[in-house]
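What follows draws every value from the coordinates through simple rules; no lab data is involved. Please read all numbers here as calculations on a predicted model, not as lab measurements. In this analysis, Cβ positions are derived from the backbone assuming ideal geometry, glycine residues included, and neighbour counts consider all displayed protein chains.
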Amino acid sequence: MTKNYDIIIIGNGAAAFAAAIKASELSENDASILMIGYGPMGGTCVNVGCIPSKYLLEVSNTIFYSKQKRFEGIEIGEIKPDFRNIMEGLRNTVKELRKNKYEEVLKAYPNIEYLEGKVRFFSTNEIGVDGKVFKAKNILIAVGSRPSIPNIEGLNEIGYLTSNTIWDIDSLPGKIAIIGAGAIGLEIGQAFLHLGSQVVIIEALNRIAPQSEYELSQYLQNNLEEEGMQFVLKARINKVKKAAGKKILEIVTARGKEELEVDEILVATGRKPNTDQLMLEKANVETTSNGFIVTNKRMQTSNPRIYAAGDCVSKRLMLETLAAREGTVAVSNILGLEEEMDYLHVPSVIFTYPQLASVGYLESEYVNEYGKCSCNLIKLEHIPKAHLMKEKRGLIKIVIEPTNGKIVGIHALAPYASEFIIEATLAIRFGLTIKDLIDTVHAFPTLSEGIKIAAQSFVRNVERMSCCVE
Ligand code: NAD
């Protein structure tokens, strides 16, 4: 027998939860909602993404930077990390957050039913799960993504870790090769470096963090190299093999062929959508050639009754908060409100130390779209707070529209940049100019003051400026 619902949500991650809760609230618990999930509740972010990676970065930064002499008068003692216990702590934190923020939460919404299983589409409004058939007025697809594995000879045979599996290991690899210098490779790479592994990152392009502002990614690369990380850029991995318990990568660069011997390999070469077994063709849902679902800004697919949100949707960034916003926009439209996604005012952060936080246009993007822009870059050493923290590694760059001073992009490489990028996000979203930033009194001494100082750099030489000058 076919069961009918107002909304079926396929997925159990950030987009699906945000959508289910919003739909429940908007309909005042009236809409009948079925959420169908596969795998641990909460999806990528809480289980194998943001939460475990940021936890490990907190732990590893604590270990690594406690050993660095920053201030006079402190004698550095011995620190004894226990990797097995660290990973146990990480897994407990994941379990706790999954329980409190996902598993227990659904109980508070009487109109949301939850079902475990793999979904297939039968038609434009009918789906099947383990022999049962369900129908809905509207369907939201929020099935997420998984690591995409490059076709490298020998890789499947010798085995590798991904951002799905690395959280299960209990012994620290002596030497690890990471394939890919995007957010995942850099964050996990720095965490393992700080825990004591030797880390070599192999990247196909000639730079790291390819979606970031160029000068900041160069600076970050230098920082990471100074800490001991090695990069092999513009590299192709020909094949991999195992010998005497070690994994050996054959790498081709401009220098020729070289071999790299490691204990473990982490593949961090991007993610692909979990849409391949949904039979979307039966639902008339259009996808790109690599399986991402195509939507309009209302998150509606080519089938007007079906919406999509999260990592399975075709777009530039895969972020937890963006997925949740897309889920919210989708169900708001399903329930009669008119909402559109805004992809420009979305902050993104690579959580290395220092952190690389970014919002709005890159310089190159703005020039490509509008022909010209004006940009200024300041060093962290121009921020008084950086002096007293004894941490001057970093840069802040502002991209403005040259005719009216309107801020269109802000990019910061700084400790805790994730905590102040929201000022930049609001400034860009609400059309503020550099004058608006300069005229706003900032707390002193803070790193967020760096945004104001970067704005001031358009009107005066910040190298010859005393504290708090407007
Ligand atoms: P990515 O696409 O950001 O980076 C992958 C990198 O791997 C690229 O630099 C690419 O050139 C390189 N690459 C691809 N194939 C290669 C090969 N065969 N050999 C060498 N290099 C190769 O992907 P990611 O880092 O895996 O992250 C996946 C997604 O998750 C991204 O959208 C990312 O933004 C998101 N994410 C975000 C955060 C965050 O916001 N802090 C953290 C982790 C992941």
Query - Theoretical gain in end-to-end length, Glu340 to Ile74 [0.36 nm per residue, Cα-Cα removed] - result: 90.4 nm
Report summary line: A chain fully extended from Phe430 to Thr124 at 0.36 nm per residue, minus the present Cα-Cα distance, gains in nm 106.2 nm
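Beyond a 25 Å Cα-Cα separation, which of these cross-linked pairs lie in this structure: Lys54/Lys392; Lys3/Lys118; Lys175/Lys234; Lys107/Lys315?
Distance filter (> 25 Å) returns Lys107/Lys315.
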Query raised in the report: In whole Hz, what ³J(HN,Hα) sequence does segment 219-225 give by Karplus (6.51, -1.76, 1.60; θ = phi - 60°), x for Gly and Pro?
Result: 5, 4, 4, 4, 4, 5, 5
**Report entry** Dipole magnitude (debye, nearest 20) for the chain, charges at Cβ of Lys, Arg, Asp, Glu
**Finding:** 560 debye
Report summary line: Ignoring trypsin sites (Lys or Arg not before Pro) buried by more than 10 other Cβ within 10 Å or outside DSSP loops, the longest site-free run in the chain is 70-254
Query raised in the report: Kirkwood Rh, Cα Rg: Rg to Rh for the chain?
Result: 0.99
Report task. With unit charges on the beta carbon (Lys/Arg positive, Asp/Glu negative), name the residue among Ile422, Ala443, Pro402 whose Cα is farthest towards the positive pole of the charge dipole of segment 354-461. Result -> Ala443
Query - Volume per residue of the C-alpha convex hull in segment 155-269, rounded to whole Å³ - result: 101 Å³
Query - Antiparallel bridge percentage (DSSP; both residues within segment 168-308; nearest 5) - result: 55 percent
Query raised in the report: Antiparallel DSSP bridges in the chain: what percent, to the nearest 5?
Result: 60 percent
Query - Residues of segment 391-406 with amide N under 18 Å of a point placed 7 Å along Cα→Cβ from Val459 - result: 398-406
Query - Cut-off 20 Å (backbone N to label point 7 Å along Cα→Cβ of Lys406), residues of segment 435-451 - result: 435-440
Query raised in the report: Could you give the nm distance between label points at Glu470 and Ala204, where each point is 7 Å from its Cα heading toward the beta carbon?
Result: 5.2 nm
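Within a Cβ distance under 9 Å of Glu126, other residues only, what is the Lys/Arg minus Asp/Glu net charge?
Here the charged neighbours net out to +2.
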